[in-house]
Amino acid sequence: MHTRLRQFVALATGALLAACLSFAAPASASTRVAAATQAPTPLVVNARWAGHPTYDRIVIDLRGSVPAVTVTPVAQLVYDGSGKPVPLPGKYFLEIRLHPAAAHDDAGRSVYQGPKLQKINLSKLKGIAMTGDYEGYVTFGAAFDTLPYYRAFPLHSPERFVVDIAH
């Protein structure tokens, strides 16, 4: 009986060791596969706007997928990096931040074809500016005379991000 117990313990230890090794190998292999298949950084190629009967719309056009986007009311618009104020008219501002994203290619050339700073005279929207393209973040600012009530969402085919501001 004692011999059988030793054989059982030896087999169980061998099986446990084999299981641990088999779990360890695929983890590193899957990490290499994930790194090799990582999607390229989405590129911001344009920003545009339009007035509609009940809302104004901002559209940010993308090449690649739509990244995570935050739209945040801020007290003031500033340029990323320098912190200098953005010269747009208005009392209320929204910051639109895309991450991960870039407005330049791998060689550092700009792929963004839209306005860098544009005063606008729509019902709600009074201006838009590209305020940053820095370390995986692309940031825009939008200016308003009155408090903006908005909804933000992605659209696909082609890829773009939309902010609708109610009148």
**Any hit, region 123-140, residues being among the hydrophobic types (A, V, I, L, M, F, W, C) and open to solvent by 30 Å² or more (accessible area, probe 1.4 Å)** = no
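Does region 91-100 hold any residues that are over 11 Å from residue 132 (Cα atoms), open to solvent by less than 50 Å² (accessible area, probe 1.4 Å) and either without any contact (Cβ under 8 Å) to a residue 40 or more places away in the chain or of a type in the set (A, V, I, L, M) (or both), and which are they?
94, the sole residue that qualifies.
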**Asked** For region 63-96, which residues satisfy the criterion of being modelled with pLDDT under 95 and at positive phi?
**Response** 81
**Asked** Restricting attention to region 101-122, and to residues there that are open to solvent by 70 Å² or more (accessible area, probe 1.4 Å) and among the charged types (D, E, K, R), which single residue is farthest from the chain's Cα centre (by Cα)?
**Response** 119
**Considering residues of region 51-73 that are of a type in the set (S, T, N, Q) and outside any strand (DSSP E or B) only, the residue most open to solvent (accessible area, probe 1.4 Å)** = 54
**Request:** Inspect region 41-50 for any residue being among the charged types (D, E, K, R), outside any strand (DSSP E or B) and at pLDDT 95 or above and give the result as yes or no.
**Result:** no
**Message:** Checking residue 76 against (1) free of Cβ contacts under 8 Å to residues at least 60 places away in the same chain; (2) more than 12 Å from the chain's Cα centre (by Cα); (3) open to solvent by less than 70 Å² (accessible area, probe 1.4 Å), only one condition comes out false. Which one?
**Reply:** (3)
**Asked** Would you call residue 88 surrounded by 14 or more Cβ atoms within 10 Å (Cβ to Cβ), in contact with a Gly (Cβ under 6 Å, 6 or more places away or on another chain), closer than 14 Å to residue 58 by Cβ and in contact (Cβ under 8 Å) with a residue 40 or more places away in the chain?
**Response** yes
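The values are calculated or read from the model by the stated rules, or taken from the named source; none is laboratory data. Since the structure is predicted, the reported quantities are computational estimates derived from the model, not experimental observations. In this analysis, Cβ positions are derived from the backbone assuming ideal geometry, glycine residues included, and neighbour counts consider all displayed protein chains. Surface areas here come from the heavy atoms of the whole protein model, side chains and all, with no ligands, DNA or RNA. Shrake-Rupley method; radii C 1.70, N 1.55, O 1.52, S 1.80 Å.
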